[in-house]
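The values are calculated or read from the model by the stated rules, or taken from the named source; none is laboratory data. Here the structure is a predicted model, which is why all the values come from computation and not from measurement. All Cβ positions, glycine included, derive from the backbone under ideal geometry; neighbour counts span all protein chains shown. Surface areas here come from the heavy atoms of the whole protein model, side chains and all, with no ligands, DNA or RNA. Shrake-Rupley method; radii C 1.70, N 1.55, O 1.52, S 1.80 Å.
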Amino acid sequence: MPRFNHAPIERSAFLLFLLTFIVISIGGLVEIVPLFKIESTVTPVKGVRPYTPLEQLGRNIYTREGCYVCHSQMVRPFRDEVDRYGHYSIAAESMYDHPFLWGSKRTGPDLARVGGKYSNAWHVAHLEDPRSVVPVSIMPSYAFLMDKDLVTEDIRDHLQALRGVGVPYTDEMIRNAAADIEAQATGESTDALLARYPKAKIGDFDGQPNRLTEMDALIAYLQVLGTMVDFTDIRLETPGK
Amino acid sequence: MASPERDPVTGYKTTGHEWDGIKELTTPIPHWWVSVFLATVGIAIVYLYLMPSFAGVKGFLPGALEWSSSKQLAEDQAVAAAAQAGWRKRILETPLAEIEADPDLRRFAVTGGRALFNENCAPCHGVGAGGQQGQFPALIDDDWLWGGKIEDIHQTISHGIRNEDDDSRQSTMPSFADILAPEQIDQVADYVRALSDPSQEATRTAMPGAKVFTDNCASCHGDHGQGGREFGAPTLNDAIWLYGGSKQAIISQVTHPRMGVMPTFAARLDEATIRMLATYVHTLGGGER
């Protein structure tokens, strides 16, 4: 058997470039081409909707404050996690997350299904002084959110930008964004809001009825986490077959 | 470039490169290394064939073994469910009030209930159910807002209080800021404080707040402040105060009532789990028969 000789390749710049290009192209194609069909791997489920404007602003605060550094949003399909947190997270639940906030480390508990687990009053008490309700907590206090008025002027731009990356916000949703924030935080004239965003949690979230603060938005976001999917409806068989 | 020459020590040829008198050899990669490298390529191909891998045209390619983490989970859950099946079946079939009468069943329910309580209830009610002053009621005493029988506790855990669940316990304390004059509120606060003070037992009926209380508060909180569980109206003639027992705290509650909200757990936990929790809470000390 003749020995393979790499000397000619190494001695010709053109041949070296050409063969390197071919090898990298194969690797690239194997990694990239399947991504064109990535949509086909997401099991469609009923109930997942875009975030309401108030929830989206709360999500921005969650991102700004770096909550994802200590809290994951990803219940993995292990028995201990499912026993503790509920049904494991499915891809469709974060299809409108840009960027997703799955996180990679749990200093605090997972929050993928925290919505509806605690009352609004608990969230306020906990965010103001975590150790007042969980004595062993090492979470910092976020009491200042109670005192910061929520900036809502740019909400249309936020929704517009999210539409640009594929979240199906309609013109109507974007036009009424400010009104929807008002309706969700006050509980008044919520019919249009609920028609656009079914099952949205309504009410004064931070216990200060006369003010719309960042605490309102953050709790509105926390209370919707993991509550959109109707798990009695979904079928999670392997979609490959 | 110097022409390749053979290295006298190793017997391999040099590349012909030379820096400062140091020459580079063309030593081939060891056979064992090449073999391991080719083996990993082979393993990767076998793995791709057996396990779920790429996105396909319709869904992802499931692999020949059709393994998935959700199937693995289902198997693990089935094993655990089988191990507890007998107990859970008995818990579901035994009437709530009789679970505690069976020592073995009681032990299973209370032990499991404690773990469930720490995950689901302790954030508000505290580890050990001591409650949080000014926020969330203690569950270890016999001062119940909505009833302390095990059936009442079961109902409260299942559907919660003042939430969006249609079966949740509902009631609203009105604000009396516009109904009563400030001096009346002041008087009734004094009277409410006197209700739990034994030294004022003889004199309190003559207090000016007594009539205000009878006209405005007694319909829910009872003639003697003994509370009204059908409305979740707290007992006012004991010295247990959820939102504080100072006069200022009582005036604040009369003018701007705070009302506790508890989430519904029927959607989050299954029936056997809720029954274990109810049994645990009922055995904490204040459970009523």
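Observations, loosely collected:
- Checking B:MET173 against (1) loosely packed, with under 15 Cβ neighbours inside 10 Å; (2) part of a loop (DSSP other than H, G, I, E, B), the condition it does not meet: (1)
- Residue count for segment B:198-221, restricted to those that are out of contact with any helix residue (DSSP H, G or I) (no Cβ under 6 Å at 6 or more places or on another chain), assigned to a loop (DSSP other than H, G, I, E, B) and touching a residue at least 12 places away in the same chain (Cβ under 8 Å): 1.
- Consider segment B:130-162 and keep the residues that are surrounded by 20 or more Cβ atoms within 10 Å (Cβ to Cβ) and β-branched (Val, Ile, Thr). The one that is farthest from the other protein chains (Cβ to nearest Cβ) is B:ILE150.
- Options A:ASP97, A:ASP149: the member that is among the acidic types (Asp, Glu), surrounded by 14 or more Cβ atoms within 10 Å (Cβ to Cβ) and more than 10 Å from every other protein chain (Cβ to nearest Cβ): A:ASP97
- Residues in segment A:61-84 that are crowded, with 17+ Cβ neighbours inside 10 Å and more than 23 Å from B:TRP67 (Cβ to Cβ): A:ILE61, A:TYR62, A:CYS67, A:TYR68, A:HIS71, A:SER72, A:GLN73.
- Among the candidates B:PRO8, B:PRO52, residue that is closer than 30 Å to A:THR43 by Cβ, assigned to a loop (DSSP other than H, G, I, E, B) and free of Cβ contacts under 8 Å to residues at least 40 places away in the same chain: B:PRO52
- Matching option when the condition is of a type outside the set (S, T, N, Q) and within 20 Å of B:ARG204 (Cα to Cα), among B:GLY285, B:GLY228, B:GLY245, B:GLY232: B:GLY245
- Those residues of segment B:65-79 which are surrounded by fewer than 12 Cβ atoms within 10 Å (Cβ to Cβ) and touching a helix residue (DSSP H, G or I) at 6+ places or on another chain (Cβ under 9 Å), in sequence order: B:LEU65, B:VAL79
- Scanning segment A:149-168 for residues that are in a loop (DSSP other than H, G, I, E, B) and out of contact with any Pro (no Cβ under 6 Å at 6 or more places or on another chain) gives A:LEU150, A:VAL151, A:THR152, A:GLU153, A:ASP154, A:VAL165, A:GLY166, A:PRO168.
- Qualifying residue in segment A:55-62 (condition: under 27 Å from A:GLU214 (Cα atoms), free of Cβ contacts under 8 Å to residues at least 12 places away in the same chain and assigned by TED's automatic domain parsing to the domain that holds A:ALA177): no
- Residue ranges of helices (runs of 4 or more DSSP H) in segment A:1-91 with at least 1 members within 30 Å of B:ILE29 (Cβ to Cβ): A:7-11, A:13-32
- Residue match in segment A:28-48 (condition: within 14 Å of the chain's Cα centre (by Cα), of a type outside the set (Phe, Trp, Tyr), within 18 Å of A:GLY166 (Cβ to Cβ) and open to solvent by 20 Å² or more (accessible area, probe 1.4 Å)): yes
Residue-wise test of (1) modelled with pLDDT of 90 or more; (2) surrounded by 10 or more Cβ atoms within 10 Å (Cβ to Cβ); (3) closer than 22 Å to A:GLU10 by Cα.
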position	(1), (2), (3)
B:PRO4	no, yes, yes
B:THR10	no, yes, no
B:THR15	no, yes, yes
B:ASP20	yes, no, no
B:LYS23	no, yes, yes
B:VAL34	yes, yes, yes
B:ALA39	yes, yes, no
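- Any chance B:PHE60 is among the aromatic types (Phe, Trp, Tyr), within 10 Å of another protein chain (Cβ to nearest Cβ) and open to solvent by 30 Å² or more (accessible area, probe 1.4 Å): yes
- Of the residues B:THR111, B:THR94, the single one that is closer than 30 Å to A:ARG79 by Cβ, without any contact (Cβ under 8 Å) to a residue 12 or more places away in the chain and in contact with an Asp or Glu (Cβ under 8 Å, 6 or more places away or on another chain) is B:THR94.
- Pick from segment A:100-136, criterion within 20 Å of A:ASP230 (Cα to Cα) and among the hydrophobic types (A, V, I, L, M, F, W, C), ranking: surrounded by the fewest Cβ atoms within 10 Å (Cβ to Cβ): A:VAL114
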